[in-house]
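Beneath this line is the structure, given in structure tokens, with notes to follow.
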Amino acid sequence: MSSHVLIVTLIVLLVIAIAMIVALVLHGEHMRQVYDDLSEVMDLTLDGARAANTQNVSQAGSLERMATRVYAMVGALHDQRELTSQEQNKIDSVMGHILSGVIVIDPAGRVLLINSAAERLLGLTDTDLIGRWHWEAGHHYGLSSLIDEAITFGVVQKREVQIHKPVELTLEAHITPIRQTSGGTAGAVVLLHDVSEWRRVERMRSDFVANVSHELRTPITALKGFAETLLDGALDNQQIARQFVQIIKEEADRLGRLVEDLLDLSRIEAKHAPLSLACVSVPAVLQKVVDTFHTQANTAGVQLLVEIKTLDETLDVMADYDRLVQILINLVSNALQFTPSGGSITLLAEVEGDRAVLSVIDTGVGIPSTDINRVFERFYRVDKMRTRKSGGTGLGLAIVKHLVEAHGGHVGVHSEVGIGSRFFFDLPMVTDGDEKELQV
């Protein structure tokens, strides 16, 4: 009997010892109390074991009291584990919903914690980072040097850093040291904000101002030069004077178109040009655009075609009639600039699901792959000399893009050098349940 009791006692002592180790690993006042209670239980167990050979009756009572205390301690440990789990879930929830990247670094420079936003920005997972030195885990020298400075000198660091993997990003890094009550540094918290889009917009704004200045300078310089030539004596030669005045008029017209396009683009971007949406017949609009360019296309030796790919040759969309005409006029005008004599321009309409897709397809010179992603930017020209000679402002395709997006559509382009280009956009089709007020 006593041998059996001894074995049970030893097992209980082993369990208590393991529990004490857990209590020592977990910090906090509550767990210190658990440790003290476990020590008392072990003492009771040892006392019960010593008296097992002489006091069988009292031994049973000691074991019962010991078991009660052990159960109580196990319950306390379970409650503490649940509390710790809840706190960890709260931290994970907060960290997961922070849009900025967050990384926690210990005093030695190892990564303790990282949220999903930081993983996405750095192109790494928590398994790649947690527990590793920040400089070997991230491979971003600029960021690592800021972290080291913050931990070493205990000073907040703020700077923009360039990240090249997994994609090119500009990050604004805030590194705040974690201060101890003794005055030392217990690590650092790193906040990463993606400012790539802001910087891109700033560059676009700067480029826009530079491009506007350049575009205005060209006609103004021509106006000033021809006016000075006339004043210097060219007025006496009627033929030359008339030629110069004609050039001045053309440059003034070009300047007027540039200003008008700038104002139009500004209104569209600021959403100060509300759309008057109604049911519009696509075949009628395409025919109107063809009629508009009929004379100009004949002079250039370019054939204009209309193709409607529907079962009944009818197709209605929900759009602003005037703005839809403007979109197509800008696209056809652009196609005429780059389509040589003998070529053709096709205005195609077809149906894809509940959307109507309109395309302007030319057999022109095509667009190089290096330029195709920038053709919808303001003032971007693939062939600058050809566009200027034709009187273009460099804003036509930018206006097209913004107008299509204002209609809830998407615009794109496919092109091959020497073959031609296809500019296309989609608009919502009018269903049977929509009110039809044709504006054509």
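Descriptive notes on the structure:
- The condition (being in contact with a strand residue (DSSP E or B) (Cβ under 9 Å, 6 or more places away or on another chain), at pLDDT below 90 and over 16 Å from residue 339 (Cβ atoms)) is satisfied by just one residue among 403, 438, 358: 438.
- Qualifying residue in segment 292-312 (condition: part of a loop (DSSP other than H, G, I, E, B), modelled with pLDDT of 85 or more and on the phi > 0 side of the Ramachandran plot): yes
- Any hit, segment 263-271, residues being loosely packed, with under 12 Cβ neighbours inside 10 Å, of a type outside the set (A, V, I, L, M) and part of a loop (DSSP other than H, G, I, E, B): yes
- Residue 328, sole failed condition from (1) over 28 Å from residue 215 (Cα atoms); (2) open to solvent by less than 40 Å² (accessible area, probe 1.4 Å): (1)
- The condition of being open to solvent by less than 80 Å² (accessible area, probe 1.4 Å), not hydroxyl-bearing (Ser, Thr, Tyr) and not in a helix (DSSP H, G or I) holds for only one of 280, 259, 201, 285, that being 280.
- Exclusive hit being aliphatic (A, V, I, L, M), in contact with a strand residue (DSSP E or B) (Cβ under 9 Å, 6 or more places away or on another chain), modelled with pLDDT under 70 and over 22 Å from residue 164 (Cβ atoms), set 95, 66: 95
- The set of residues from segment 415-430 being surrounded by fewer than 14 Cβ atoms within 10 Å (Cβ to Cβ) and part of a strand (DSSP E or B) comprises just one member, 416.
- Count - residues of segment 215-247 that are without any contact (Cβ under 8 Å) to a residue 12 or more places away in the chain and part of a helix (DSSP H, G or I): 16
- Looking only at segment 208-228, and only at residues there that are among the polar types (S, T, N, Q) and open to solvent by less than 60 Å² (accessible area, probe 1.4 Å), the one that is farthest from the chain's Cα centre (by Cα): 218
- Considering only residues in segment 140-187 that are basic (Lys, Arg) and either without any contact (Cβ under 8 Å) to a residue 40 or more places away in the chain or open to solvent by less than 20 Å² (accessible area, probe 1.4 Å) (or both), the one that is farthest from residue 128 (Cα to Cα) turns out to be 179.
- Members of segment 354-382 that are in a loop (DSSP other than H, G, I, E, B) and over 28 Å from the mean Cα position of the chain (by Cα): 363, 364, 365, 366
- Cβ-Cβ distances below 7 Å connect the following pairs, each with a first residue in segment 308-321 that is closer than 15 Å to residue 428 by Cβ, a second residue that is small (Gly, Ala, Ser), and a separation of six or more residues or different chains: 315/349; 315/356; 316/281; 317/356; 320/276; 321/278.
- Among the residues of segment 363-381, just one is touching a residue at least 60 places away in the same chain (Cβ under 8 Å) and open to solvent by less than 40 Å² (accessible area, probe 1.4 Å), namely 379.
- Only residues that are open to solvent by 20 Å² or more (accessible area, probe 1.4 Å) and closer than 19 Å to residue 408 by Cα were counted across segment 331-353, and they come to 4.
The values are calculated or read from the model by the stated rules, or taken from the named source; none is laboratory data. The model shown is predicted, which means the values in this text are computed figures rather than measured ones. Every residue, glycine among them, receives a Cβ derived from its backbone with ideal geometry; neighbour counts consider all protein chains shown. These area figures cover heavy atoms from the full protein model, side chains too; ligands, DNA and RNA do not enter into them. Shrake-Rupley method; radii C 1.70, N 1.55, O 1.52, S 1.80 Å.
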